[in-house]
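Read the structure below first, then the notes.
The values are calculated or read from the model by the stated rules, or taken from the named source; none is laboratory data. If you're wondering where the values come from, they're calculated on a predicted model, not measured in any experiment. FYI the Cβ positions are ideal-geometry reconstructions off the backbone, even for glycines, and counts take in every protein chain you see. Side chains included, ligands, DNA and RNA excluded: accessible areas come from the protein's heavy atoms. Shrake-Rupley method; radii C 1.70, N 1.55, O 1.52, S 1.80 Å.
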Amino acid sequence: MSHPQHHANSPELERITLGFVPLLDAALLIVARERGCFTAQGLDVSLSRENAWATLRDKVAAGLLDGAQMLAPMPLAMSLGLGRAPCETLAPALLSRNGNTITLSTSLSQASGATLASDPADSALALGNWLRGQGSGKRPRLAMVYPYSCQHYQLREWLTLGDIAPDRDVELVALPPPRMVEALRDGQIDGFCAGEPWGTLARHCEVGRLVTTGAQLWPNHPEKVLGVTRSWAQRYPATLAALLRALRDAGEWLYASPEHRRKALEWLALPPYLDRSVRHLQTLAHDEAPIHQQLCGPDVLRPTPQAALHFAAPIVKQLEEAGGRFDPALLAACYSPVHFDAATHH
């Protein structure tokens, strides 16, 4: 294989390792690797599967990973030092919008009458009224993937729609996404909010039912991002630019045809990636009701601070309750499109 000629704007690093958690919105990283988009930009990229978000976060902060698929709020939370020592982190590209589901166990969905409707308040009120009425006497245990995540904030917002106090009427726990379906089946939890494919897999295995989606609660919100530390971005600007171009190319290929999305699902189903957790899917859906997950498409990948406001609000609230002060410039820096625009001549 011929090596790209080194010149002023060729990547400083030839080999990099990016982390991911087994979710459909790792798709662009997997497509870019399997289709050769990284190679075309002069990058040899290894993908490292991490099962828990906290592990992935710590590995990026420690420099054990060059970057990673991250929960959209994670770069902001890391920069603020929430959950660990502060580490300035950037989100130079989005990897997905939407894609979360709130899934209740089949028994809780049946007992409460909470089902998927056009208004998320319907299922929340059904659950709330049931808890206030007969209930089961014990608080339902609901899982989310990480404290500083859209999943956590969306779950709280949904509960509030049903007049359910998240800190009193239910028990909230954090669990890695790959553990959700098994925990639901074993009765360790009564429901969860997580990204795909875990909600539809729970439904397919007949252990859970979708009662609302992240897209219903926060339409078109950024869900996953590419995350790199600020120091890494400053040290390897040409590598970052090559990475962003490869992701853009992967997104354009994925968007181009249904055939490409079926092919991408075959790659996701490989054992190092999502393996059997996608066996219930025929294709990678694009923007289809009710989940409306977007992994590609015009302007899906370009970050903006405005799009981050949805999840910034609860983070600011948490920070201020803990006696901290929020600097809006930090939000602007975290989700600035400047790297994306420069790399892709936007």
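For first residues located in the stretch 247-274 and among the aliphatic types (A, V, I, L, M), partners that are crowded, with 20+ Cβ neighbours inside 10 Å and assigned to a loop (DSSP other than H, G, I, E, B) and lie 6+ apart or on another chain with Cβ distances below 6 Å form the pairs Leu254/Cys296; Ala264/Leu284; Leu265/Leu284; Leu268/Leu274; Leu274/Pro22.
Selection of the stretch 158-190 for residues being in contact with a helix residue (DSSP H, G or I) (Cβ under 6 Å, 6 or more places away or on another chain) and on the phi > 0 side of the Ramachandran plot yields only Asp163. When every residue of the stretch 33-46 is checked against the conditions, none turns out to be within 19 Å of the chain's Cα centre (by Cα) and open to solvent by less than 40 Å² (accessible area, probe 1.4 Å). So which residues in the stretch 44-80 are in a loop (DSSP other than H, G, I, E, B) and either closer than 17 Å to Leu94 by Cα or not small (Gly, Ala, Ser) (or both), if there are any at all? Selection gives Glu50, Asn51, Leu64, Leu65, Asp66, Ala72, Pro73.
Quick check on my filter: what residues within the stretch 189-215 are within 16 Å of Phe311 (Cα to Cα) and touching an Asp or Glu at 6+ places or on another chain (Cβ under 8 Å)? If the condition is that a residue be within 16 Å of Phe311 (Cα to Cα) and touching an Asp or Glu at 6+ places or on another chain (Cβ under 8 Å), then Gly195, Gly214 are the ones that fit.
Yes or no, residue by residue, for (1) hydrophobic (A, V, I, L, M, F, W, C); (2) within 26 Å of the chain's Cα centre (by Cα); (3) under 30 Å from Ser336 (Cα atoms); (4) assigned to a loop (DSSP other than H, G, I, E, B):
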site	(1), (2), (3), (4)
Cys87	yes, yes, yes, yes
Pro92	no, yes, yes, no
Leu116	yes, yes, no, yes
Ala126	yes, no, no, no
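Selection over the stretch 123-145 of residues that are under 16 Å from Thr101 (Cβ atoms) and among the hydroxyl-bearing types (Ser, Thr, Tyr) gives a count of 1. When residues in the stretch 208-261 are screened for being more than 30 Å from Leu116 (Cβ to Cβ) and either β-branched (Val, Ile, Thr) or open to solvent by 10 Å² or more (accessible area, probe 1.4 Å) (or both), 18 of them pass. For the stretch 120-150, a residue qualifies if it is without any contact (Cβ under 8 Å) to a residue 60 or more places away in the chain, open to solvent by 30 Å² or more (accessible area, probe 1.4 Å) and within 27 Å of Pro222 (Cα to Cα), and the qualifying residues are Asp122, Leu125, Arg141.
Counting only residues that are over 18 Å from Ile291 (Cβ atoms), open to solvent by 20 Å² or more (accessible area, probe 1.4 Å) and of a type in the set (S, T, N, Q), how many does the stretch 103-119 have? So the count comes out to 3.
Mind checking which residues of the stretch 168-181 are in a loop (DSSP other than H, G, I, E, B) and among the aliphatic types (A, V, I, L, M)? Val170, Leu175, listed by residue number. Taking the stretch 276-291 as the range and being more than 17 Å from the chain's Cα centre (by Cα) and without any contact (Cβ under 8 Å) to a residue 40 or more places away in the chain as the test, the residues that pass are Arg276, Arg279, Gln282, Thr283, Glu288, Ala289. Within the stretch 292-345, restricting attention to residues that are surrounded by 13 or more Cβ atoms within 10 Å (Cβ to Cβ) and among the charged types (D, E, K, R), which residue is nearest to the chain's Cα centre (by Cα)? Among them, the one singled out is Arg302.
Which residues, counting only those in the stretch 15-32, are outside any helix (DSSP H, G or I) and surrounded by 15 or more Cβ atoms within 10 Å (Cβ to Cβ)?
Those that are outside any helix (DSSP H, G or I) and surrounded by 15 or more Cβ atoms within 10 Å (Cβ to Cβ): Ile16, Thr17, Leu18, Gly19, Phe20, Val21, Pro22, Leu23.
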